[in-house]
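Read-outs: derived from the displayed coordinates by stated rules, not from any lab. Keep in mind that this is a model prediction, so the values were computed, not measured. All Cβ positions, glycine included, derive from the backbone under ideal geometry; neighbour counts span all protein chains shown.
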Amino acid sequence: MKRELAIEFSRVTEAAALAGYKWLGRGDKNAADGAAVRAMRIMLNQVNIDGQIVIGEGEIDEAPMLFIGEHVGTGQGDAVDIAVDPIEGTRMTAMGQANALAVLAVGDKGTFLHAPDMYMEKLVVGPGAKGAIDLNLPLELNLRNIAIKLNKPLTDLTVITLAKPRHDGIIAEMQQLGVKVFAIPDGDVAASILTCMPESEVDVMYCIGGAPEGVISAAVIRALDGDMQGRLLPRHQVKGDNEDNRRIGEQELVRCKSMGIEAGKVLLLGDMARNDNVIFSATGITKGDLLEGIYRKGNMATTETLLIRGKSRTIRRIRSTHFLDRKDPALHEFLL
């Protein structure tokens, strides 16, 4: 994959973020996501790639999506797999809350795990704790092993997770161990990246969240030399075993089988992102722990983008000023 494609993909997430920002604080997460999806699709189709969406966002929360199997790009150039999340944090965008991002990861064809849009249990650590995790073991034992690998007391360990009812017991367990827990509303891609950033105090990310976010996280964790394991879980094992959840969960299990994936089996980092020749781009929509949010005044806006190229392990932060009325006319309805 040509390195000059990296800047093209930064433009893709910038457009998606700017489109989502138009709906900031308006209470309609699907409208925000829909605008970001369409802007992302427009920009992807201008890039000289033969691209295919291998994992997308939308089935869990019934939002619009770049669907799995969709072909994007001009059809010329490198054959690539693309994992997208046009807005990670649709609810945060709709409610004007922190840490909303537009993200995508791109790799050579065959790089990323092909999986249904379902739930995934995830455990992520930075380079210093590489090799210390095993989702087949209880979380407490994992935390103790991570602390040993990092050469710090368990009580000095910092774990970030999602503030969801399904995590209440886990959060209480970790706090009883003396672990410092940061519980955030949403945004496990950004949370995963924080485990690998030198300026961050986060040691571990653990949660049950979306598989699309899991694959995107795996791509960037592979690029940053961290470690991650995941496990696909059907809906009824996560949301409660009622009739509707079991029906959806059984459909997810059928899709897993058709894709040759065993739900419930521990997936290693190399199963989800098979090499480090990946490009990751994230543009902040709202201010967060990882990126600044968009500032807009009239038809002018500023963005901050995190652009990572795994092959060279280069991390760039790009601060851009946009004159929105000078953008591609096809984007105007989503930006102006």
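Below are the figures for this structure:
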{"quantity": "Among 218, 175, 196 - extreme Cα towards positive end, dipole of segment 119-272, charges at beta-carbon", "calculated": "218"}
{"quantity": "Mean Cα-pair separation over length for segment 1-153, i.e. relative contact order, pairs under 8 Å, 6 or more apart, %", "calculated": "22 percent"}
{"quantity": "Dipole magnitude of the chain about its Cα centre (Cβ charges: Lys, Arg +1; Asp, Glu -1), debye to nearest 20", "calculated": "660 debye"}
{"quantity": "Inverse of mean 1/r across different Cα pairs in segment 115-187, Kirkwood, Å", "calculated": "13.1 Å"}
{"quantity": "Ranked list, fewest to most other Cβ atoms within 10 Å of each Cβ, for 254, 54, 266, 103", "calculated": "254, 266, 54, 103"}
{"quantity": "Segment 119-272 - share of DSSP beta bridges that are antiparallel (%, nearest 5)", "calculated": "70 percent"}
{"quantity": "Of 2/265; 29/327; 180/311; 109/164, pairs whose Cα-Cα distance is over 30 Å", "calculated": "2/265; 180/311; 109/164"}
{"quantity": "With Cα atoms, 0 to 90° folded angle of helix 211-223 axis to the chain main axis", "calculated": "90 degrees"}
{"quantity": "Cα-based Rg / Dmax (Å) for segment 119-272", "calculated": "15.2, 47"}
{"quantity": "Exposure proxy ranking, count of Cβ atoms within 10 Å, fewest first, for 121, 262, 4, 173", "calculated": "4, 262, 173, 121"}
{"quantity": "Residue order, fewest to most surrounding Cβ atoms within 10 angstrom, among 29, 265", "calculated": "265, 29"}
{"quantity": "For segment 1-94, size of Cβ-based charge dipole, Lys and Arg +1, Asp and Glu -1, in debye", "calculated": "380 debye"}
{"quantity": "Total charge dipole magnitude, segment 119-272, about the Cα centre, Cβ charges on Lys, Arg, Asp, Glu only, Debye to nearest 20", "calculated": "240 debye"}
{"quantity": "Rounded to 5, the percent of DSSP beta bridges in segment 1-110 classed as antiparallel", "calculated": "60 percent"}
